[in-house]
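What follows is a single structure, written as structure tokens, with notes after it.
The values are calculated or read from the model by the stated rules, or taken from the named source; none is laboratory data. The structure displayed is predicted, hence computed values, not measured ones. Positions of Cβ are generated from backbone atoms using ideal geometry, with glycine treated the same way; all protein chains shown enter the neighbour counts. These area figures cover heavy atoms from the full protein model, side chains too; ligands, DNA and RNA do not enter into them. Shrake-Rupley method; radii C 1.70, N 1.55, O 1.52, S 1.80 Å.
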Amino acid sequence: MYKKMTENNRKKISFATIEVIPAENKIILSGEWTWVSINENILNIVDSINKQNWLIDGLEIKRIDTTGAYFLHKLCDCLTQLGSKVTAVNLILEDQKLFDLTQGIQLEKNSIVNEIVHQTAIEKITNLTVDFGHTTLQLISFFGQLCYTLATLFKREYPLYVKGIADTVSNAGLKGILITSSLCFLIGVNLTYQMAPQFVTYGANVYVVNFLGISLLREVTPLLTAIIIAGRTGSAITASLGTMKVQEEIDALQTMGISPVRRLVMPQIIGLLVSLPILTMLADVASMFGGMLFAGPLLGIDFSLFIERMQGNVSINNFWIGILKSVFFAWIIGMVGCFCGFKVKSSADSVGIQTTRSVVISICLIIVVDALFAIIFKGLGIK
Amino acid sequence: MRINNEQPIIEIRKLGTKFFDEWIHKDLDLTIYPNRIVTIIGASGCGKTTLIREILMLQPITCGEIYLMGEKISTYDLEDPYTKRVLSQMSMMFQQGALYNSNTVLENVMFPLLEYTDFSYSMVRELAYQKLRLTGLKEVAYNKYPKEISPGMQKRVALARTLALDPRVLFLDEPTAGLDPNSAASFDELMLNLQQQLGLTVIMITHDLDSIWHTSDEIVYLSNKQVTLHDTVLNASNRPDIPDLYQYFNGTRGKISKAYYTQNVKGNN
């Protein structure tokens, strides 16, 4: 029966019916026996009838399709199971052909199709763990490969693909300036706005400069810029490499004797290594400017005082640490993006899965590396 | 409603299609009667696939009318459930199979049934199983994913899925492309068999000459934005007045198939 059919359309269909005449040992079928007009419960009528020999008369069936034939076979099976006997099935020639065609191809209970293997929870967990281990190992080996390629980058026998680098700098860097800077500006504004009441309570208004200088330059801006670029460029790298993999373009490169890592991955990574620190610098400026703008009205610190405090109390190391971190973040974004792109298997949904994974893995790694840096710099005592 | 063999199943009148100021079809007329295999041929880019897509309402037409069993479908609203029911009488097998990769073979065939009918899941499963068995696919493949089975098997699954809603008109876009000769021959055989048993009207696009000679009842030749010829295969192959078509059937490759099949026809008679 067709779902959500309007009453008007329902009238146009003559539904399949079964009429039982016990006196004549006859079961009369009529109506259209197609998927549109058969009700699933049509066979329930059979349960209540007596055991006897039945003649199925289908001469009045208006039309039958394979679904109808399936129900017809099921009707015969039901009757046989209940202890009755089907003496004959009368159908017109055209329907008889279809009935014979579908004879004996019903799904049996012991068919291998019914043996669906379900994974148990333990198996799933084991598989996931093994998969995680494999991915980690592969990522480490990819890292090694990249390091080797980078080390031999300026050897004379390998050409440096400058156009690709320029493309990445343009796509990831230039076109990302507006979004990273404006978001970091807002974060600067936000932090000042939220923290201002706390500083006022202690009468330590002027310390907002120290707070902003350290938190923004050292932590927030590099992290936020990297995360935005991971979402914006990392996913794009994965999707484009993945599509190339699906279309066998990467295999084509390899057959020409050109290393995909050198030709496709390196330009992306170098481009990111160039553009992410610059983006971070610009975002640093934007975020500090945002803080400075709101420190005036909220805390009574005007621009000259803000800049003076910043020069005196905020060590330049904070800025350099932020930039250093962004270099590592750029490497992570490029590496993970390309790694996931190469892991795409030859299907469209695989591209989607790997793009998601690329963003997730790079953001996770960025935060882990950020935490590591915090520990290292603490240990080194750099303030 | 049974199919009346006298009434055309598909009728196209004065069809026009325009892409970016360029006419693909202009004043195209085509009448197809039921219960036969019709092959559409023509040079690449002459609008064979476009024509099929227009009949299936996958693509809007610029002008003209398309009728399916006497009903004018070219003006139907696609969102109306009734339209969908009318359209479910036509089904298309795409060139690449277009199977859903995230579903198993059986689930692929179950999909249209689950969408359209109210039958319970287990019953739909049995129905889908039946369709797959009709296409002669081995049971071991039913729980596999499309990418795990061979292209020949994928074509069979695609065929089973197109048959799921018992269409009366079946469109096949290059069904034997990319298959090895054995698979292609057995697919031809299967198609011929199902067409006769289920009383289908098959409209096929193919460049496979063996397939054309072996299965087709009629040839529709598209050129100059119109149907230039609509005739049996044998007649179509003997028309020196249409040079491209003549070359198609009597070129280096065509000659061999033609010689083989015409001889067979004579031998059988």
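Of all the residues that make up region B:200-220, how many are in a loop (DSSP other than H, G, I, E, B) and within 24 Å of residue B:5 (Cβ to Cβ)?
Residues that pass the stated criteria total 3.
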Q.
Considering only region B:173-182, I want to know if a residue exists there that is open to solvent by 10 Å² or more (accessible area, probe 1.4 Å) and within 14 Å of chain A (Cβ to nearest Cβ).
A. no
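Mind telling me which of the residues B:166, B:188 ends up being under 20 Å from residue B:86 (Cα atoms) and of a type outside the set (A, V, I, L, M)? Steps first, answer last, please.
Numbers: B:188 fails: under 20 Å from residue B:86 (Cα atoms).
Exactly one residue qualifies, and that residue is B:166.
Of all residues in region B:91-113, which are in a loop (DSSP other than H, G, I, E, B), open to solvent by 20 Å² or more (accessible area, probe 1.4 Å) and not aliphatic (A, V, I, L, M)?
Result: B:94, B:95, B:96, B:100, B:101, B:102, B:103.
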Q) Among the numbered criteria (1) closer than 19 Å to residue A:65 by Cβ; (2) in contact (Cβ under 8 Å) with a residue 24 or more places away in the chain; (3) at the interface with chain A (Cβ under 9 Å from one of its Cβ atoms), which single criterion is violated by residue B:129? A) (2)
Q. Across region A:99-118, what is the number of residues that are among the polar types (S, T, N, Q), facing chain B (nearest Cβ under 7 Å) and within 21 Å of residue B:199 (Cα to Cα)?
A. 1
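Here is a yes/no grid of residues against (1) under 26 Å from residue A:178 (Cα atoms); (2) among the hydroxyl-bearing types (Ser, Thr, Tyr):
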| residue | (1), (2) |
| --- | --- |
| A:204 | no, no |
| A:225 | yes, yes |
| A:235 | yes, yes |
| A:256 | no, no |
| A:259 | no, yes |
| A:298 | no, no |
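For residue A:304, indicate whether it is over 21 Å from residue A:227 (Cβ atoms) and touching a Lys or Arg at 6+ places or on another chain (Cβ under 7 Å). Spell out how you get there, then give the answer.
Details: over 21 Å from residue A:227 (Cβ atoms): yes; touching a Lys or Arg at 6+ places or on another chain (Cβ under 7 Å): no.
Spelling it out, it is not the case that residue A:304 is over 21 Å from residue A:227 (Cβ atoms) and touching a Lys or Arg at 6+ places or on another chain (Cβ under 7 Å).
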**Q.** Residue that is modelled with the highest pLDDT, among those in region B:71-90 that are more than 14 Å from chain A (Cβ to nearest Cβ) and exposed (fewer than 14 other Cβ atoms within 10 Å of the Cβ)
**A.** B:72
Q.
Pairs please, first residue from region A:67-82 and free of Cβ contacts under 8 Å to residues at least 60 places away in the same chain and under 18 Å from residue A:100 (Cβ atoms), second anywhere and outside any helix (DSSP H, G or I) and small (Gly, Ala, Ser), Cβ atoms under 8 Å, 6+ apart in sequence or on different chains.
A. A:68/A:16; A:71/A:16; A:72/A:58
Q) Can you pull out the residues in region A:183-198 that are among the hydrophobic types (A, V, I, L, M, F, W, C) and open to solvent by less than 30 Å² (accessible area, probe 1.4 Å)? A) A:184, A:189, A:196
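Residue A:77: open to solvent by 50 Å² or more (accessible area, probe 1.4 Å), within 13 Å of chain B (Cβ to nearest Cβ) and not in a loop (DSSP other than H, G, I, E, B), yes or no?
Yes: the conditions hold for residue A:77.
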Q: Any chance you could count how many residues in region A:80-91 are more than 14 Å from chain B (Cβ to nearest Cβ) and either part of a loop (DSSP other than H, G, I, E, B) or among the hydroxyl-bearing types (Ser, Thr, Tyr) (or both)?
A: 5
Q) What helices (runs of 4 or more DSSP H) completely inside region A:189-294 contain at least 3 residues that are under 22 Å from the mean Cα position of the chain (by Cα)? A) A:221-229, A:235-246
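Could we say that residue A:375 is surrounded by fewer than 19 Cβ atoms within 10 Å (Cβ to Cβ) and within 21 Å of residue A:223 (Cα to Cα) here? It would help to see each step written out before you state the result.
Working: surrounded by fewer than 19 Cβ atoms within 10 Å (Cβ to Cβ): yes; within 21 Å of residue A:223 (Cα to Cα): yes.
The answer is yes for residue A:375.
Okay, residues lined up against (1) among the polar types (S, T, N, Q); (2) under 26 Å from residue A:364 (Cα atoms); (3) in the same structural domain as residue A:318 (by TED's automatic domain parsing); (4) at pLDDT below 90:
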residue: A:195; (1), (2), (3), (4): no, no, yes, yes
residue: A:221; (1), (2), (3), (4): yes, yes, yes, no
residue: A:234; (1), (2), (3), (4): no, yes, yes, no
residue: A:240; (1), (2), (3), (4): yes, yes, yes, no
residue: A:243; (1), (2), (3), (4): yes, yes, yes, no
residue: A:257; (1), (2), (3), (4): no, no, yes, yes
residue: A:269; (1), (2), (3), (4): no, yes, yes, no
residue: A:287; (1), (2), (3), (4): yes, yes, yes, no
Q | Selected residue [at pLDDT below 85, in contact with a helix residue (DSSP H, G or I) (Cβ under 9 Å, 6 or more places away or on another chain) and aliphatic (A, V, I, L, M)] from B:137, B:172 | A | B:137
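Would you be able to say whether some residue in region A:16-26 is of a type outside the set (Phe, Trp, Tyr), within 11 Å of chain B (Cβ to nearest Cβ) and surrounded by 20 or more Cβ atoms within 10 Å (Cβ to Cβ)? Don't jump to the end; show me each part of the working.
Going through region A:16-26, the residues of a type outside the set (Phe, Trp, Tyr) turn out to be A:16-26.
Add one more test, that the residue is within 11 Å of chain B (Cβ to nearest Cβ), and what stays is none.
Within region A:16-26 (the criterion being of a type outside the set (Phe, Trp, Tyr), within 11 Å of chain B (Cβ to nearest Cβ) and surrounded by 20 or more Cβ atoms within 10 Å (Cβ to Cβ)), the answer is no, since none of the residues qualifies.
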(Q) Which condition from (1) closer than 20 Å to residue A:209 by Cβ; (2) modelled with pLDDT of 90 or more; (3) of a type in the set (S, T, N, Q) is the one that residue A:315 breaks? (A) (2)
